[in-house]
1. Answer rounded, prolate or oblate for the range 342-409, using the Cα gyration tensor with square roots of eigenvalues a ≥ b ≥ c: rounded when a/c is under 1.5, else prolate when a/b is larger than b/c, else oblate.
2. Loop-only trypsin sites (Lys or Arg not before Pro) in the range 241-326, please: DSSP not H, G, I, E or B, and at most 16 other Cβ atoms within 10 Å.
3. Among 134, 329, 86, pick out the residue whose Cα is farthest towards the positive end of the charge dipole of the chain, where Lys and Arg carry +1 and Asp and Glu carry -1 on C-beta, about the Cα centre.
4. On C-alpha positions alone, give me the angle between the axis of helix 225-237 and the longest principal axis of the chain, in degrees, nearest 10.
5. Helix 343-352 versus the longest principal axis of the chain: what angle, 0 to 90°, nearest 10, using Cα atoms?
6. Sort the following peptides by mean Cβ neighbour count (other Cβ atoms within 10 Å, averaged over residues), highest first: 148-157, 117-126.
7. Among the lysines, which have Cα under 28 Å from the Cα of residue 378 when same-chain residues fewer than 8 positions away are ignored?
8. Give the angle, between 0 and 90 degrees and rounded to the nearest 10, that separates the Cα long axis of helix 276-292 from the longest principal axis of the Cα atoms of the chain.
Amino acid sequence: MSKYLRNKVKDLEREVKDRFVGNREAIEAITLNLLHRRSTTLIRAPRGLGKSTLMILFLKGIYGDDYVILSGASEIKRGEVVGRLHIPSLEKEGVERVIWAAFVKSHGKGIDEVNRLNPYTAANIYHLLQFGEVWAYGKRYIVGDYTLIGNENPHDPTTFIHPPPFYDRFDICVFLRSLTFSEKFTLEDLIDKFGGDLVETMPQVLSIEELEEIRREVHEIELDVELRGMINLMVRDFQACIRNKEYSEIKPPTLCEGCHFIRDICSKIVEGLSERAIVVLSNLAKAKEWLHGKVEIMDLMNMFKWTLPHRLSLVRTKSIVDDIQELLSTELDKIRERERRKQWAILNELYRGFSRDLYFRAREIALEDMVFAEELIKLERKWIEEKKMREDESLGFYLRHRSGKLSTY
């Protein structure tokens, strides 16, 4: 059964690629993200690059014509998003009955031009994504499994500014690029091949029952402990700040002045990742293992490219795609250096018991790795209490006196 379902997923990806020119990586990312429960995807691109087309191709490929799309460009009423009162019941029986909106009840959900949703509509959708439920007139509706794909052009002049937690509820964010010279000819050929309508010719490849079975199998996959550790470590690298910027009213780059780790990834990030990033990356890794049989370090790097853009707030941004790629290149170098130094094996030995020689070796490593430093400082507290070392010879003491008093120690 699993082989049959894997082939169906590959068929879905192929049918979309047959109708959508270029942007292969974005299609592969969306396909992978579809394979876990309550999948949410955000597609970003300037106008006219096929955001809506790609969204509908995937929705049709899974749900046929049984999906609902809201348009941020239109004046959406509460009844279209959540539900409305059944007036005859209220008038005749004095009973408030809610007719829940098709958008809420549908397994396939689309949002066209997310950036143009008014704040009230966005708040209702946020609640749905956050809690898996909606409320109307004192009544609650529990939303089951679904697929939600949204698209936006954030540079549209009519854009509303949605808060970061709203975007954090989207699992991944993919960007579409414009077509190259030769790809434009390919698109013309495709339009002729499919009779001028790429969307209407898209077949339903998966049934709802097949998708449910796929998501059940993906959910039951247990990731290797080293892979889980790598996901947690990479996310921590995009969170950690030795000066606790999440509690500080001063943000980078001002907060970073004089910090020992001024050249690390942390100095380039104003606000780090939420813990939701770990959940998303774990789901993507499970989906990758289910679909292709293995997950490697470069697979995780690709997954990070889709997980970071809508969650990170950078100190300086020129091109978010290039900026993210630069950060990930730095992260990959750090991972390889950690492997070369065997630093986690050293830390594990120190967890088992204090060794002065091993400690001083770990301390040298910690001066170049903030996440490693965090863990070593926690051990130092224990050793100081046990009188195994003096506070003034600890890494925490050195960092406090080198770059100002730290609230982490």
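Only the coordinates and a few stated rules stand behind these numbers; no lab work does. Predicted, not measured: the structure shown is a model, and the values here were computed from it. Positions of Cβ are generated from backbone atoms using ideal geometry, with glycine treated the same way; all protein chains shown enter the neighbour counts.
1. Verdict is oblate for the range 342-409.
2. Details: sites: 243, 245, 263, 268, 276, 286, 288, 294, 305, 311, 316, 318; in loops: 243, 245, 263, 294, 311, 316, 318.
Within the range 241-326, the qualifying trypsin sites (Lys or Arg not before Pro) (loop, at most 16 other Cβ atoms within 10 Å) are 263, 294, 316, 318.
3. Farthest along the dipole direction, towards plus: 329.
4. 80
5. Around 70 degrees separate the two axes.
6. Details: 148-157: 19.5, 117-126: 17.9.
With the highest mean Cβ count within 10 Å placed first, the list reads 148-157, 117-126.
7. Residue 378 reaches 245, 251, 268, 334, 342, 387, 388, 405.
8. 70
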